[in-house]
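Engineer: This structure is in structure tokens; I'll ask about it shortly.
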Amino acid sequence: MHIDMDVSPDYPLSWQARALTSVMRGTLKPASTVLMRHPLALVGAARLGELARLMPLHLPDHAVVVPAGLTGCGGEWIRAGEGLDEHKALLYFHGGGYFSCSPRTHRPITWRLSVVARRPVLALDYRQGPVNPLADSLADALDAYECLMRRGHAPEDIIIAGDSAGGHLTLATLLALRDRGLRPPAAAICLSPWADLTDIPRRANRWQDPMLPASRVRWLARHWTCGLDPRDPLVSPVLGDFTGLPPLMIVTGSTEVLRDEARQVAERARLAGVPVRYEEWRRMPHAFPILADVLPEARLAFRHMAAFLKAVEARAAARGDTAAA
């Protein structure tokens with residue numbers, strides 16, 4: 001697989017995808033439009049997220065979840081599949097707009113990432129709003145990365161990944177590591193990253209997105225950036241200088257309101273010399289890999305992630321052989 005390229009995967013749209021996007025368009029999107037208009041809505045959503053931690057969640061028999069004690073904020077280790085390399089790790093940041101969800105809600109992603117990356121996954125339970133600001137989430141992410149290194153994981157044996165707000169946190173973490181002079185991980189994967197928190201109207205896919213109302217994304221960005229400079233690259237990574245960052249894989253749906261900022265991240269990273277595999281999946285909803293239990297397209301996306309990670313390993317090995325020569 002070539003790393004540095006744009007891809008539009010070709011597949012017949014499944015009936016599951018057609019049905020699910022229709023349901024989202026008729027339920028989640030209008031509910032978000034009505035409810036996400038006041039900070040109290042964030043409090044209520046965060047409390048609902050706490051209840052989600054108590055719900056049973058199916059995992060395959062080969063997947064094992066163990067509470068993590070690496071950081072003050074906690075999280076969980078997920079090991080799935082066979083032949084995992086315990087010297088390596090994948091650090092995962094869940095999505096949820098910085099106010100909802102948890103490592104538990106994102107296990108459909110994390111156990112599959114453990115399989116395709118052939119390593120344990122640390123799903124970080126980072127601090128979120130409305131109580132905590134963005135800076136606390138980033139501090140937790142940086143602390144977890146440094147904890148992994150203190151645990152004995154070399155940077156070249158670490159991968160960082162995240163979806164939606166977790167994709168934002170992935171990019172901000174990479175920029176912050178570089179700015180602090182710390183060695184970057186081997187690669188990063190961003191699923192439907194929320195990368196632009198400036199006060200911009202999102203017109204692309206405003207009506208096509210089956211899940212996210214563009215106006216509510218803008219409202220949420222205003223809420224989280226109150227008192228901050230929204231053009232700070234650690235707040236809006238899309239505006240950052242990506243020089244020195246590791247290879248990136250960016251996965252997004254063609255009808256997402258966040259699609260254009262994902263494209264912009266890919267373009268800016270390439271201008272800085274970073275290899276980027278940008279994949280735009282036709283008619284897929286926001287952060288669709290989390291729906292892998294029901295969507296064939298989402299399961300296929302993990303095969304693409306596996307191929308990307310193998311290509312990164314091959315590239316690193318080739319560079320090592322050249323350096324040795």
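What follows is calculated from the coordinates using simple rules that are stated; it is not laboratory data. Note that the structure is a prediction, hence the values are computed from the model and not measured. Using ideal geometry, Cβ is built from the backbone for each residue, glycine included, and neighbour counts are taken over all protein chains shown.
Engineer: Quick one: work out the % antiparallel among DSSP beta bridges in the chain, nearest 5.
Structural biologist: Bridges in the chain that DSSP calls antiparallel: roughly 25 percent.
Engineer: Same structure again: Picking from L122, L182, L91, which is most flexible by a Gaussian network model of the chain using Cα springs under 10 Å?
Structural biologist: Taking springs between Cα atoms under 10 Å, the residue moving most is L182.
Engineer: To continue, here is another question. Per-residue counts of other Cβ atoms within 10 Å, averaged by peptide: what ranking do you get for 16-22, 101-107, highest first?
Structural biologist: Per-residue mean Cβ counts within 10 Å order the peptides as 101-107, 16-22.
Engineer: Right, here's the next one. Using the Cα centre as the reference, give the magnitude of the dipole from point charges on the C-beta atoms of the chain (Lys, Arg: +1; Asp, Glu: -1; all else neutral), rounded to the nearest 20 debye.
Structural biologist: 700 debye
Engineer: Continuing with this model, one more query. Under 1.5 on a/c is rounded, so check that first for region 241-325, then, if it is not, pick prolate when a/b is larger than b/c and oblate when it is not; a ≥ b ≥ c are the square roots of the alpha carbon gyration tensor eigenvalues.
Structural biologist: Oblate shape, in that a/c is at least 1.5 and b/c is the bigger or equal ratio.
Engineer: In whole Hz and in residue order, list the ³J(HN,Hα) couplings for region 94-104 that follow from phi through the Karplus curve 6.51 cos²θ - 1.76 cosθ + 1.60, θ = phi - 60°; x for Gly and Pro.
Structural biologist: Result, rounded to whole Hz: 6, x, x, x, 6, 9, 8, 6, 6, x, 5.
Engineer: Any idea how far the Cα center of region 286-323 sits from the one of region 99-141, in Å?
Structural biologist: 19 Å
Engineer: Short version: ³J(HN,Hα) in whole Hz for each residue of region 71-83, in order, from phi by Karplus 6.51 cos²θ - 1.76 cosθ + 1.60 (θ = phi - 60°), x for Gly and Pro, what are they?
Structural biologist: Running phi through 6.51 cos²θ - 1.76 cosθ + 1.60 with θ = phi - 60° gives 10, x, 7, x, x, 8, 8, 10, 10, 9, x, 10, x Hz.
Engineer: Go ahead and set up a Gaussian network model of the chain, Cα springs under 10 Å, then flag whichever of D241, D209, D179 fluctuates most.
Structural biologist: For the chain, modelled as a Gaussian network with Cα springs under 10 Å, the answer is D179.
Engineer: If you place +1 on the Cβ of every Lys and Arg and -1 on the Cβ of every Asp and Glu, how big does the dipole about the Cα centre of region 166-265 come out, in debye to the nearest 20?
Structural biologist: Taking the Cα centre of region 166-265 as origin, the dipole is about 120 debye.
Engineer: Less than 14 Å Cβ to Cβ from L309, Lys/Arg counted +1 and Asp/Glu -1: what total charge do the surrounding residues give?
Structural biologist: +3
Engineer: Ok, one more. Mind listing P(r) for region 101-247? All alpha-carbon pairs, 10 Å bins, whole percents.
Structural biologist: Computed distribution, short to long bins: 10, 40, 35, 13, 1.
Engineer: With a point put 7 Å past each Cα toward its Cβ, work out how far R25 is from A314 in nm, to one decimal.
Structural biologist: Distance between the two pseudo-spin positions: 3.9 nm.
Engineer: Which part of region 149-185 falls in the paramagnetic zone of D241, meaning amide N under 11 Å from the point 7 Å along Cα-to-beta-carbon?
Structural biologist: Under cut-off, by backbone N: 179.
Engineer: I'd like the Kirkwood hydrodynamic radius of the chain, using the inverse of the mean 1/r over distinct C-alpha pairs, in Å.
Structural biologist: Across the chain, the inverse of the average 1/r is 19.7 Å.
Engineer: Over the chain, calculate the relative contact order: mean separation of alpha carbon pairs under 8 Å at least 6 apart, over the residue count, as a percent.
Structural biologist: It comes to 20 percent, rounded to a whole number.
Engineer: Is any helix in the chain, taking whole DSSP H runs, at least 27 angstrom long along its axis by alpha carbon and on average at least -1.0 on the Kyte-Doolittle scale, and which ones?
Structural biologist: Taking the DSSP H segments of the chain (at least 27 Å long, mean hydropathy at least -1.0), we get 296-324.
Engineer: Return the Rg/Rh ratio of region 67-131 with Cα-based radii and a Kirkwood Rh.
Structural biologist: For region 67-131, the value is 1.00.
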